[in-house]
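Worksheet: the structure to be examined is printed underneath.
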Amino acid sequence: MRKIVVFSILISAILCVLTSAKKEDKNATEKAAATQHTSAYREDQIARKKAILTFKMVFVEGGSFTMGCTAEQESECLLPEKPAHPVFVRSFAICKYTVTQRQWREVMGKNPSDTRDDDSPVTNISWDDAQKFIEKLNAFLGSNYRLPTEAEWEYAARGGVMSENYKYSGGNDMYSLGWYKDNAEGVPHPNGKRKENELGLYDMSGNVWEWCSDWYGAYPEDTETELINPEGASTGTERVVRGGYFEGPTLFCRVSCRNKSKPDYASSIIGLRLAMDKSSAD
């Protein structure tokens, strides 16, 4: 009788061990499945985010041009655009469109713009904010985006080596080229809805001012020596903005027009366009 009891206890112990092992295996399987599901979800989210942060870049072949108050600007040139001077810009890449509100939100987690539209330019961002955005964007993508220099911006707006010497970026009829006070109805508009310029760039005249990397400074008095890839003043208190905006006159939309703003000042009329060195874009 005693042997039977001992045998029963032994069988019960074995069954307990087997049951416990099965539970552990089940838990391990469920845990592995949950981990795999979480990993797949995370990978899917990263892929989705990368798709949103795919910027259409346009290669800009380097070349020489006259920067500032040139003949096609006629009598509208303002003092900061003078004197016109020769500049050589090395090849680079620049974004076809300005950074959208959707793209900004994906990187920064919020949309600071007054007028909300995912496909419209992000606004209410300072130059300092733009630098934080670019730093986070590059860390996530492993890329080397940056703001264009003022010289790069004007060269691209003029059409680079394909320039037709227009007054605005892409032509002389501002109404068809971009958004300004006569057609914008007081708000910025989605990217790419007007005519592109010679390089296939959109909205470089009108819609929103665009931050450049440079400190704002006077143009050089020397109009004979060609500047090679200039990066603006070495110091300053304000950063360059270019391109005009949706509430402004055509005067501000001209390719040579310059403006400036404090680097910590965020405005509902200023956005940004990304650029990249040619070596990074290859």
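The values are calculated or read from the model by the stated rules, or taken from the named source; none is laboratory data. Keep in mind that what you see is a predicted model, and the values were worked out from it rather than measured. For neighbour counting, all protein chains shown are included, and Cβ atoms are generated from backbone atoms with ideal geometry for every residue, glycine included.
Would you say G217 is surrounded by 15 or more Cβ atoms within 10 Å (Cβ to Cβ), within 20 Å of Y97 (Cβ to Cβ) and in the same structural domain as E185 (by TED's automatic domain parsing)? Against the criterion (surrounded by 15 or more Cβ atoms within 10 Å (Cβ to Cβ), within 20 Å of Y97 (Cβ to Cβ) and in the same structural domain as E185 (by TED's automatic domain parsing)), G217 does not qualify. Residues of the range 148-190 that are closer than 23 Å to Q101 by Cβ and surrounded by fewer than 23 Cβ atoms within 10 Å (Cβ to Cβ): K181, N183, A184, E185, G186, V187, H189, P190. Comparison of L78, L137 shows that the only residue that is surrounded by fewer than 20 Cβ atoms within 10 Å (Cβ to Cβ), at pLDDT 95 or above and farther than 18 Å from A266 by Cα is L78.
Which of the residues belonging to the range 227-243 are part of a loop (DSSP other than H, G, I, E, B), of a type outside the set (S, T, N, Q) and in contact (Cβ under 8 Å) with a residue 60 or more places away in the chain? Walk me through how you get there before you give the answer.
Going residue by residue through the range 227-243, those that are part of a loop (DSSP other than H, G, I, E, B) are 229-232, 234-238, 243.
Restricting the remaining residues to those that are of a type outside the set (S, T, N, Q) gives 230-232, 236, 238, 243.
Result: P230, E231, G232, G243.
Checked against the criterion of being at positive phi and within 17 Å of the chain's Cα centre (by Cα), the range 212-235 contains not a single residue that satisfies it. Residues in the range 191-218 that are touching a strand residue (DSSP E or B) at 6+ places or on another chain (Cβ under 7 Å) and of a type outside the set (G, A, S): 13 in all. Evaluation of N229 against the conditions (1) of a type outside the set (A, V, I, L, M, F, W, C); (2) under 23 Å from D119 (Cα atoms); (3) in contact with a Ser or Thr (Cβ under 9 Å, 6 or more places away or on another chain) shows that the sole unmet condition is (2). Taking the criterion of being among the small types (G, A, S) and either assigned to a loop (DSSP other than H, G, I, E, B) or touching a residue at least 60 places away in the same chain (Cβ under 8 Å) (or both), the residues of the range 272-281 that qualify are A275, S280, A281. Within the range 199-212, track down each residue that is farther than 21 Å from E185 by Cβ and in contact with an Asp or Glu (Cβ under 6 Å, 6 or more places away or on another chain). Once the filter is applied, which keeps residues that are farther than 21 Å from E185 by Cβ and in contact with an Asp or Glu (Cβ under 6 Å, 6 or more places away or on another chain), the range 199-212 yields only C212.
F246 satisfies every condition listed in (1) in contact with a helix residue (DSSP H, G or I) (Cβ under 6 Å, 6 or more places away or on another chain); (2) within 23 Å of G170 (Cα to Cα); (3) not in a strand (DSSP E or B) except (1). Among the residues of the range 249-271, those identified as in a loop (DSSP other than H, G, I, E, B), of a type outside the set (F, W, Y) and more than 19 Å from N191 (Cβ to Cβ) are P249, R254, S256, C257, R258, K262, P263, D264, A266.
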